[in-house]
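Chemist: Okay, handing you the structure first.
The values are calculated or read from the model by the stated rules, or taken from the named source; none is laboratory data. Just so it is clear, the model here is predicted, and its values are computed rather than measured. Glycine also receives a Cβ, built like all others from the backbone with ideal geometry; neighbour counts cover every protein chain displayed. Heads up: the accessible areas ignore ligands, DNA and RNA and are worked out on the full protein's heavy atoms, side chains in. Shrake-Rupley method; radii C 1.70, N 1.55, O 1.52, S 1.80 Å.
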Amino acid sequence: MRDVPAPKARPAGRNAPPAGRRSRPAAKTARRAAKNATKTAKTNRKAAGSDRGFSGLWPAGSKVFPRILNVFAPQHPAQVIVLGFAGAVAVGTIFLMLPISRNGPEGAPFLTALFTSTSSVCVTGLITVDTPVYWSGFGKAVIMALIQIGGFGVMSFGTLLGVLMARRLGLRSRLSAAAETKSTGFGDVRQVLLGVLTISVTVEIVLAGILAARLVAGYGYEPGRALWHGVFHAVSSFNNAGFALHTDNLIGFSGDPWICLPIAAAVIIGGLGFPVLFELRRQYQRPIHWSMNTKLVLVGTAVLLVSGTVFLTAVEWSNPATLGGLKPGERILAGFFQSVITRTAGFNSIDIGQMHPVSWMGMDILMFIGGGPASTAGGLKITTFGVLFFILLTELQGGTAVNIFGKRLSRAVHRQAIAVVLLALALVVGSTMFLMLITDFGQERILFEVVSAFATVGLSTGITAAMPPAGQVVLILLMFIGRLGPVTLGAALALRERPLLYEYPKERPLIG
């Protein structure tokens, strides 16, 4: 029988592995896949941290900070500000409770330390104890440090928040986010913070030198004491805090222009806001190119300063307990100074508790409006009320679009301004009603105290120290919310804006 030969093996092809070489083991492939998965996970975590806005906040190559931040970092950038200020208040409370911080054998009680720390960090100036008498030199230094941290923190984090949000949003949303977060579209965070620090230190050094020289030449202060007073009041002035090293605040200097005018200038500069200061530095010779924010702040500041000066001077002109005992020139100086301070520094060169109730009402309005966005001032900000004014003006004229200085205002800004004002009014009215229930003070004084706390002004008719513990807790919350509420609320409104894919049919209810 004939043997049939076996079929020849078919050639393997050009890409076949050469004979004798085995395929990669499965274990090695699995290890490489796991390694790639680990790299991908790390990349995703870094991207997530960048989306939250924390990239660049730790040293390059550092692994500790990102890991901690990934675990404990808040999801919303505005929460960083709230937690940071709460931590500063807590640390300040601990320091002020130390026996070394008080003139006496024991440390300050918890509520007193908490109130003072909150007032310092929130750059308010309300006090429940006499600052120069109750606190020691160390305690006063702690208060000054808290004021500087609070003022710089508000400015830096306010502008930083605008940059973080602008990185996450498109061009159209970046413009609205810049307005909502009290910013005007800053570029590099480090340059912004450096600019803030430079302006703050420059103004404070110049003011401290002027005040120290005046105290030595005009009041016989020793150089060391004059320098300490100059530095403390310079920090308190520029940061709109209102803390003073005199029991009567600045009443003893009510007729001295070398003390009042430099302090007023520092308060005005700090209250304009750093977006305005940065833009004025870049384009001070081209007002036509100024942004809507800058024009609103400058015009609003001028109008409020002039109207406040005229109003307070006219009402208190013949009041012997306030302006009536001063010379005519000193009355105008004191009226101007108090108009500046009411927005929102907290110093007083006249006795606030002896003013007419109608003056308190006018000051309530000035305090509630406040200063410029991203500034050391409080209140609901000039731009918010400027937007409401032009909305009202447009409605009265029968217009369809709100135009401000040749620019059309976005409708989203209409809603946000109305929301901020209504929430603030609800908080002020509710707090006033609650304090009226637990205290025996008059409505005018309670309202003044509530607005002063919420607007972080620090002026008082003299009833803060007499408030029960529950009332002081309410003022603490008002100071904290008043300082951080507009910033966090503006950020929340900006990030919650979503385009709608549908609309309901329109219908108009009866108004009025």
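Chemist: Please give the residues of region 295-334, grouped as numeric ranges, whose backbone N is less than 13 Å from a label point set 7 Å along the Cα-to-Cβ vector of V358.
Modeler: Counting only backbone N, you get 311-319.
Chemist: Additional query: Calculate the spin-label point distance for A412 paired with L261, positioning each point 7 Å from the Cα along the beta-carbon direction, and give it in nanometres.
Modeler: 4.6
Chemist: What number does region 356-477 give for Rg over Rh if you use C-alpha atoms and the Kirkwood radius?
Modeler: Working: Rg = 16.8 Å, Rh = 15.8 Å.
Result: Rg/Rh = 1.06.
Chemist: So how far apart, in nm, are the two label points at A465 and K327 if each is 7 Å from Cα heading toward Cβ?
Modeler: So the label points at A465 and K327 sit 3.2 nm apart.
Chemist: Tabulate in residue order the Karplus-calculated ³J(HN,Hα) for region 444-461, using 6.51 cos²θ - 1.76 cosθ + 1.60 with θ = phi - 60°, rounded to whole Hz; enter x for Gly and Pro.
Modeler: 4, 5, 5, 4, 4, 5, 5, 5, 4, 6, 5, 7, 6, 8, x, 6, 8, 8
Chemist: On to the next question. How are the alpha carbon pair distances in region 217-362 distributed across 5 Å bins from zero to the largest one, expressed in percent?
Modeler: In order of increasing distance, the bins hold 2, 9, 17, 20, 17, 14, 10, 7, 3, 0 percent.
Chemist: Between R225 and L83, take the C-beta separation as r, use R0 = 41 Å, and let me know the FRET efficiency to the nearest 0.05. Walk me through the numbers before you get to the answer.
Modeler: Details: r = 38 Å, r/R0 = 0.93.
The calculated FRET efficiency here is 0.60.
Chemist: Could you pull out every residue, at least 5 positions away or on a different chain, whose amide H is within less than 5 Å of the one on W135? Hs are placed 1.01 Å off N in the peptide plane, and Pro or chain starts have none.
Modeler: N103
Chemist: Can you pull the percent of Cα pairs in region 189-303 with separation above 18 Å? Let's see the in-between values first.
Modeler: Details: 3637 of 6555 pairs.
Summing the P(r) of region 189-303 above 18 Å gives 55 percent of all pairs.
Chemist: Between V129 and L423, what length comes free when the chain is fully extended (0.36 nm per residue of separation minus the Cα-Cα distance, one decimal in nm)? Walk me through the intermediate numbers first.
Modeler: Values: separation 294, 0.36 × 294 = 105.84 nm, distance 3.09 nm.
Here the segment from V129 to L423 would lengthen by 102.7 nm.
Chemist: Ok, one more. Once the piece of chain linking L197 and R281 is laid out straight, how much longer is it, given 0.36 nm per residue of separation minus the C-alpha distance between them? If you can, show how the numbers build up before the last one.
Modeler: Numbers: separation 84, 0.36 × 84 = 30.24 nm, distance 1.49 nm.
28.7 nm is the gain from fully extending L197 to R281.
Chemist: May I ask you to compute the full-extension gain from E106 to D440, defined as 0.36 nm times their residue separation minus their alpha-carbon distance, rounded to one decimal in nm? Walk me through the intermediate numbers first.
Modeler: Numbers: separation 334, 0.36 × 334 = 120.24 nm, distance 3.13 nm.
My answer for the length gained is 117.1 nm.
Chemist: Let me ask another. Return the distance in nm (one decimal) between the two label points of a simple spin-label model at K506 and V216, each offset 7 Å from Cα along Cα→Cβ.
Modeler: 7.0
Chemist: In addition: Pull up all non-local amide H partners of I404: gap of 5 or more, or a different chain, and H-to-H distance under 5 Å with H placed in the peptide plane.
Modeler: It is L409, by chain and number.
Chemist: Using a 1.4 Å probe on the protein heavy atoms only, what accessible surface does E330 show? Give it in Å² to the nearest 10.
Modeler: Looks like 50 Å² after rounding.
Chemist: Oh, and also: I need the phi-derived Karplus couplings for region 374-386: 6.51 cos²θ - 1.76 cosθ + 1.60, θ = phi - 60°, integer Hz, Gly and Pro marked x.
Modeler: 6, 10, 7, 7, x, x, 8, 6, 4, 5, 4, 6, x
Chemist: Which order do the peptides 345-356, 300-311, 113-124, 215-226 come out in when sorted by mean C-beta neighbours inside 10 angstrom, highest first? Display every interim value, and only then the final one.
Modeler: Numbers: 345-356: 23.3, 300-311: 16.8, 113-124: 28.9, 215-226: 13.7.
Result, highest mean Cβ count within 10 Å first: 113-124, 345-356, 300-311, 215-226.
Chemist: In whole angstrom, how far apart do the alpha carbon centroids of region 119-147 and region 424-488 sit?
Modeler: Going from one Cα centre to the other spans 19 Å.
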